[in-house]
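One structure below.
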Amino acid sequence: MPLSESPTIEVKDLKTYFFTKGGIAKAVDGVSFSVGRGKVLGLVGESGSGKTVTGFSILGLVDEPGRIVGGEILYRGENLVSASPDRMRELRGVNISMIFQDPMMTLNPVLRIDTQMIEAVLAHESISKDDARQRARDVLGQVGIASPDERLRSYPHQFSGGMRQRVAIAIALLNKPDLIVADEPTTALDVTIQGQILYEVQKLCSQTGTALIWITHDLSVVAGLADDICVMYAGRIVEQGSVNSVLDKPMHPYTNGLISSVPSRNKRGVPLAQIPGMAPSLLKLPKGCSFGPRCAQFSDACDSIPDISNYENGRQIRCHNPLDKGTILRVMD
Amino acid sequence: MQSALVVVIMSFIVFSGVFLVGDPVEILVSDDADQEEREMMIKSMGLDKPFLVQYGIFISKAIKGDLGDSFVFQEPALLLILDRMPATMELAIVALLIAIIFGIPLGVWAGLKPESLASKSIMTGSILGFSLPTFWVGIMMILLFAVMLGWLPSTGRGDVQIILGMPISIFSWDGFSHVLMPAVNLALFKLSMVIRLARAGTREVLHQDYIKFARAKGLKETRIILIHVMKNILIPVVTVLGLEFGGLVAFSVVTETVFAWPGMGKLLIDSIGLLDRPIIVAYLMIIVFLFVLINLLVDICYSILDPRVRLQDIKS
């Protein structure tokens, strides 16, 4: 990426809170990242860490009682947080599109595939229905659906899960977006289908220069797909950097715990590593570092919320006691 | 096949039920008739034979489409009822349309904005629609609109026009003003039901991922509601309404009586008073037949609306 080119999307100190009866849940609390043209960002974390809400915030689809209360989402310099609902609707599906987690639920069961694809085109462009159908047909072919003409006339229940996710991806690609937010799109699929879809998405992104935010809890997916990685915990990004440096030398104890929790072949017979305890409820976050109570590196300093510190290679960590201190720690500013 | 069995079993239940209710002879034969005239009468109506024989005769005639002659009018019961049917059907269809045209938008509205004052009023109103007895509402409507305000006529059908060989009120202004009040009265209960179904459906569908996905596609809100939400909530609404339409026809009896609407229901009430057995039996048989027919139509509608229940057409 040339230095002169500004990122496709830049999220700055995003705060999305849910005002529930039990209190304010800070689902996203000060998240910042940026994704450039053709780049893939992996957004990793446990369930409830705020990954999905981050994605929905970018599309302006946060449901009540949630609300974006602070920060900026700059799409090519335009702040989406202050954009009107109409402007957001114009951007959605054309400039920014989204793929959802559960392919069985994302397609309307009573509408044919062609209806659901053509409407996505016609919502943004005034072209003839035939042209829209032609485009739908082409894109279905692109995502690897055989005999797209026939498939267009089918209903969602006539597809398998993997096929439905391909259709959903095709819908996301229909209007050649600049940014796709993919919310665990392969989690519900079996491994072989997952591999095919990952391959195709990666190919399409590098061909068209589409930026991709890939939300997942699966580190192995991120390892093969992403350029950069953000690890989220309880609404905050605790570690970010290029995918290789983070996965090779995790500095935040949580990232380290996540990586050690991946079952792998060379640890046969040894009990699987796990992070003790459970992710905290967003309504009852511990004082100080929210990972503190589960952290082996816990110290008195962790009673205050750690700031983000910058390290070499653009890595950022939010921790008082990062791992590998001796070798990497070099605060940049 | 199943439907045919239902019709046969119902015919037996209906026939034996009516047989047990009472002896029409007491009412039909004039008090000053002597024993011989009485016997003649009983014999001419076939009431001297044992129950099963009477049932056998009834069935064998029914298969040929003859449900017996009315004791009172000395005319085929079926013709008498069919003669009154268009009036009842008109009333029921108008009531059904009212329920749909007002019920679905109100219900969807209430589902979209559950916290707003308007939708809370709609829901409260629907509870009234459920719980107030039809006959009382009918009488109150007459009192208000016919007696006190004098806007609408309270009885009869008004001007009728013959359309497709059937007398129809709704296409003339006078007829329409006659049909309006009874139809609204009959519709109230169904209206409340449609509102509740549409509201529950909307609230459920709105939280589905495919609605969020539709938003993520950048569709206009109107299209999301009119196409994506509506098509899904129509499935339960059509199912229930279809089944309820039979009830609308069958139990318009009360409304027809209150508004002196000359339909089948009123004929039934009169016939029950006179123990005119063939008419009662024929009426119930027609209703049974209607229910079976409507069930079939609902199934067809259902498969149009919901592709998942359609039989897979295999063409690979």
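Return yes when A:LEU59 is within 15 Å of the chain's Cα centre (by Cα) and under 21 Å from A:ASN175 (Cβ atoms) and no when it is not.
On the way: within 15 Å of the chain's Cα centre (by Cα): yes; under 21 Å from A:ASN175 (Cβ atoms): yes.
Here the answer is yes, as A:LEU59 does meet what is asked.
Of all residues in the range A:177-212 being without any contact (Cβ under 8 Å) to a residue 40 or more places away in the chain and in a loop (DSSP other than H, G, I, E, B), which is nearest to the other protein chains (Cβ to nearest Cβ)?
Filtering first and then ranking leaves A:THR186.
Looking at the range A:73-93, I want the residues that are under 15 Å from A:ILE180 (Cα atoms) and modelled with pLDDT under 90 and have a partner that is among the hydroxyl-bearing types (Ser, Thr, Tyr) and surrounded by fewer than 16 Cβ atoms within 10 Å (Cβ to Cβ) with Cβ atoms under 9 Å, at least 6 apart or on another chain. Which pairs are those?
Between residues of the range A:73-93 that are under 15 Å from A:ILE180 (Cα atoms) and modelled with pLDDT under 90 and residues that are among the hydroxyl-bearing types (Ser, Thr, Tyr) and surrounded by fewer than 16 Cβ atoms within 10 Å (Cβ to Cβ), the close pairs are A:LEU74/A:SER6; A:ARG76/A:SER6.
If A:SER154 satisfies every condition in (1) out of contact with any helix residue (DSSP H, G or I) (no Cβ under 8 Å at 6 or more places or on another chain); (2) among the hydroxyl-bearing types (Ser, Thr, Tyr); (3) within 14 Å of another protein chain (Cβ to nearest Cβ) but one, which is the exception?
So A:SER154 meets the others, but not (1).
Residues that are in contact (Cβ under 8 Å) with a residue 24 or more places away in the chain, part of a strand (DSSP E or B) and hydroxyl-bearing (Ser, Thr, Tyr): does the range A:233-252 have at least one? Steps first, please.
Applying the first criterion (in contact (Cβ under 8 Å) with a residue 24 or more places away in the chain) to the range A:233-252 yields A:233-243, A:245-247, A:249-252.
Those still in the list that are part of a strand (DSSP E or B) too: A:233, A:236-242.
After this cut, where a residue has to be hydroxyl-bearing (Ser, Thr, Tyr) as well, the list is A:233, A:242.
Yes - at least one qualifying residue is present in the range A:233-252.
Suppose we filter B:GLU90, B:GLU115 for residues that are assigned by TED's automatic domain parsing to the domain that holds B:ILE269, acidic (Asp, Glu) and either touching a Cys at 6+ places or on another chain (Cβ under 6 Å) or surrounded by 15 or more Cβ atoms within 10 Å (Cβ to Cβ) (or both); which single one remains? Spell out the reasoning first.
Numbers: B:GLU115 fails: either touching a Cys at 6+ places or on another chain (Cβ under 6 Å) or surrounded by 15 or more Cβ atoms within 10 Å (Cβ to Cβ) (or both).
It is B:GLU90.
Do any residues in the range B:209-220 that are facing another protein chain (nearest Cβ under 7 Å) and under 13 Å from A:ASP86 (Cβ atoms) have Cβ atoms under 6 Å from those of residues that are at pLDDT 85 or above and assigned to a helix (DSSP H, G or I), where the two are at least six apart or on different chains, and which pairs are they?
B:GLY218/A:ARG89
Between A:GLU125, A:GLU200, A:GLU150, which is surrounded by fewer than 22 Cβ atoms within 10 Å (Cβ to Cβ) and closer than 29 Å to A:LYS51 by Cα? If you could, list the steps in order and put the result at the bottom.
Details: A:GLU125 fails: closer than 29 Å to A:LYS51 by Cα; A:GLU150 fails: closer than 29 Å to A:LYS51 by Cα.
That would be A:GLU200, the only listed residue that is surrounded by fewer than 22 Cβ atoms within 10 Å (Cβ to Cβ) and closer than 29 Å to A:LYS51 by Cα.
Taking the range A:160-176, which residues are assigned to a loop (DSSP other than H, G, I, E, B) and either touching a residue at least 24 places away in the same chain (Cβ under 8 Å) or within 21 Å of A:VAL53 (Cβ to Cβ) (or both)? Break it down into steps so the answer makes sense when it comes.
Narrowing the range A:160-176 to residues assigned to a loop (DSSP other than H, G, I, E, B): A:160, A:174-176.
Within the range A:160-176, A:LEU174, A:ASN175, A:LYS176 meet the criteria.
Within the range A:132-151, which residues are within 14 Å of another protein chain (Cβ to nearest Cβ) and of a type in the set (Asp, Glu)?
Scanning the range A:132-151 gives A:ASP149, A:GLU150.
Among what's in the range B:136-163 and is at pLDDT 85 or above and under 30 Å from B:ARG199 (Cβ atoms), pick the residue that is surrounded by the fewest Cβ atoms within 10 Å (Cβ to Cβ).
B:TRP136
With the structure loaded, tell me whether A:ASP102 is within 15 Å of B:PHE213 (Cα to Cα), in contact (Cβ under 8 Å) with a residue 40 or more places away in the chain, of a type in the set (D, E, K, R) and within 14 Å of chain B (Cβ to nearest Cβ) or whether it fails that test.
Numbers: within 15 Å of B:PHE213 (Cα to Cα): yes; in contact (Cβ under 8 Å) with a residue 40 or more places away in the chain: yes; of a type in the set (D, E, K, R): yes; within 14 Å of chain B (Cβ to nearest Cβ): yes.
In short, yes.
Output the number of residues of the range A:100-131 satisfying the condition of being under 23 Å from A:ILE180 (Cα atoms), among the aliphatic types (A, V, I, L, M) and not in a helix (DSSP H, G or I).
2
Can you confirm whether B:TRP173 is in the same structural domain as B:ILE122 (by TED's automatic domain parsing) and in contact with a helix residue (DSSP H, G or I) (Cβ under 6 Å, 6 or more places away or on another chain)?
Details: in the same structural domain as B:ILE122 (by TED's automatic domain parsing): yes; in contact with a helix residue (DSSP H, G or I) (Cβ under 6 Å, 6 or more places away or on another chain): no.
Here the answer is no, as B:TRP173 does not meet what is asked.
Please work out if A:VAL44 is crowded, with 19+ Cβ neighbours inside 10 Å, in contact with a helix residue (DSSP H, G or I) (Cβ under 7 Å, 6 or more places away or on another chain) and under 24 Å from A:GLY314 (Cα atoms). Before you say what the answer is, go through the steps one by one.
Values: crowded, with 19+ Cβ neighbours inside 10 Å: yes; in contact with a helix residue (DSSP H, G or I) (Cβ under 7 Å, 6 or more places away or on another chain): yes; under 24 Å from A:GLY314 (Cα atoms): yes.
It is true that A:VAL44 is crowded, with 19+ Cβ neighbours inside 10 Å, in contact with a helix residue (DSSP H, G or I) (Cβ under 7 Å, 6 or more places away or on another chain) and under 24 Å from A:GLY314 (Cα atoms).
Could you please tell me which pairs satisfy a Cβ distance under 8 Å, a separation of 6+ or placement on different chains, a first residue in the range A:108-135 that is without any contact (Cβ under 8 Å) to a residue 12 or more places away in the chain and closer than 26 Å to B:SER303 by Cβ, and a second residue that is part of a loop (DSSP other than H, G, I, E, B) and not small (Gly, Ala, Ser)?
From the range A:108-135, the pairs are A:GLU119/B:LYS217; A:GLU119/B:LEU219.
Residues being outside any strand (DSSP E or B) and hydrophobic (A, V, I, L, M, F, W, C): count how many of those fall in the range A:213-231.
The first filter runs over the range A:213-231 and keeps only residues outside any strand (DSSP E or B), leaving A:217-227.
Narrowing further to those that are hydrophobic (A, V, I, L, M, F, W, C): A:219, A:221-223, A:225-226.
Residues that pass the stated criteria total 6.
Condition check ((1) at the interface with chain B (Cβ under 10 Å from one of its Cβ atoms); (2) acidic (Asp, Glu)) across all residues:
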residue	(1), (2)
A:LEU74	no, no
A:ALA83	no, no
A:THR106	yes, no
A:ASP114	no, yes
A:VAL121	yes, no
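Need pairs with beta-carbon distance below 7 Å; first residue within 19 Å of B:ALA87 (Cβ to Cβ) and of a type in the set (Asp, Glu) and within the range B:141-163, second assigned to a helix (DSSP H, G or I) and modelled with pLDDT of 80 or more; sequence gap 6+ or separate chains.
Partner pairs satisfying both residue conditions: none exist.
Among the numbered criteria (1) facing chain B (nearest Cβ under 9 Å); (2) over 27 Å from B:LEU206 (Cα atoms), which single criterion is violated by A:VAL94?
Going through (1) facing chain B (nearest Cβ under 9 Å); (2) over 27 Å from B:LEU206 (Cα atoms) one by one, A:VAL94 breaks only (2).
Taking B:ILE287, is it among the aliphatic types (A, V, I, L, M), more than 14 Å from every other protein chain (Cβ to nearest Cβ) and within 30 Å of B:PHE71 (Cα to Cα)? Outline the logic, then answer.
Values: among the aliphatic types (A, V, I, L, M): yes; more than 14 Å from every other protein chain (Cβ to nearest Cβ): yes; within 30 Å of B:PHE71 (Cα to Cα): yes.
Yes; evaluated as a whole, the condition is true for this residue.
The values are calculated or read from the model by the stated rules, or taken from the named source; none is laboratory data. Since the structure is predicted, the reported quantities are computational estimates derived from the model, not experimental observations. FYI the Cβ positions are ideal-geometry reconstructions off the backbone, even for glycines, and counts take in every protein chain you see.
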